[in-house]
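*Asks:* There's a structure below that I have some questions on.
Laboratory data are not the source of any read-out in this text; all were calculated from the coordinates shown. Because the structure is predicted, anything quoted here is derived from the model rather than measured. A quick note on method: Cβ atoms are made from the backbone with ideal geometry, for glycine too, and the neighbour counts reach across all protein chains shown.
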Amino acid sequence: MAGRGRPPFKPTPALRRKVEELVSCGMSKDECARAIGCSTPTLEKYFEEELANGVAKKRAEVIGLLYREAKKGNVTAQKKLEEMTRVASAAEAVGARSGTKPVPQERAPKLGKKEERQAAAGRVGGKYAPPEPPKLVVDNR
């Protein structure tokens, strides 16, 4: 009998571009998955690169288009580029003044079922907390 079940998902270059576009415009993973017709875990599995770098790639593409138009003499593009430059330098100055750089948050390692249950058991409190051990009043020195 030939292969059973649903055929494996195959991402196409067109779908990859679509995911980059959707992510760059602020859509969530769930919305992107629904838009291209797959589940969120499938989206995360096959489009990891696009989800991680889609915003940066599309922003760079837009800046390139603006720059080209500004060089041709498009005043609106020139004003937008000047505004973007001003905002970026102001943000950099504020960061330098405060002396702090944004620290990337590290994810906690994903725990398995047993570890999750053990951690939850350690956080039990209130009525179901384990009783305190008895205090020893005798000093055997």
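*Asks:* At most 11 other Cβ atoms within 10 Å and a DSSP loop assignment: could you name the trypsin sites (Lys or Arg not before Pro) in the range 1-80 that fit?
*Replies:* Filter output for the range 1-80: Arg4.
*Asks:* Using only alpha carbons, build the gyration tensor for the range 9-72 and give me the equivalent ellipsoid semi-axes, biggest first, whole Å.
*Replies:* Ellipsoid half-lengths, sorted descending, are 26, 10, 9 Å.
*Asks:* Something else: At 24 angstrom or more along the helix axis (alpha-carbon based) and mean Kyte-Doolittle of -1.0 or higher, what helices does the chain contain? Whole DSSP H runs only.
*Replies:* For the chain, where a helix must reach 24 Å along its axis and average at least -1.0, the hits are 48-72, 75-98.
*Asks:* While we're on this one: Report, in listed order, any pair from Lys29/Lys58; Lys18/Lys79; Lys58/Lys80 with a Cα-Cα distance greater than 25 Å.
*Replies:* Where the Cα-Cα span goes over 25 Å, the pairs concerned are Lys18/Lys79.
*Asks:* Rank Ser98, Thr76, Phe47 by how far each Cα sits towards the positive end of the charge dipole of the chain (+1 on Lys, Arg Cβ; -1 on Asp, Glu Cβ) and give me just the farthest.
*Replies:* Farthest towards the positive pole: Phe47.
*Asks:* Of the GluC sites (Glu not before Pro) in the range 35-110, which ones lie in a loop per DSSP and count no more than 12 other C-beta atoms within 10 Å?
*Replies:* Of the GluC sites (Glu not before Pro), the ones in loops of the range 35-110 whose Cβ has at most 12 other Cβ atoms within 10 Å are Glu106.
*Asks:* Here is a further query. Roughly how big is the range 13-99's charge dipole about its Cα centre, with Cβ charges of +1 (Lys, Arg) and -1 (Asp, Glu), in debye to the nearest 20?
*Replies:* Taking the Cα centre of the range 13-99 as origin, the dipole is about 340 debye.
*Asks:* How big is the shadow of the Cα convex hull of the chain, averaged over all directions, in nm²?
*Replies:* Taking a quarter of the hull surface, the average projection is 21.6 nm².
*Asks:* Among Gly126, Gly37, Gly26, which one moves the most in a GNM of the chain with springs linking Cα atoms closer than 10 Å?
*Replies:* Comparing Gly126, Gly37, Gly26 in a Gaussian network model of the chain, the most mobile one is Gly126.
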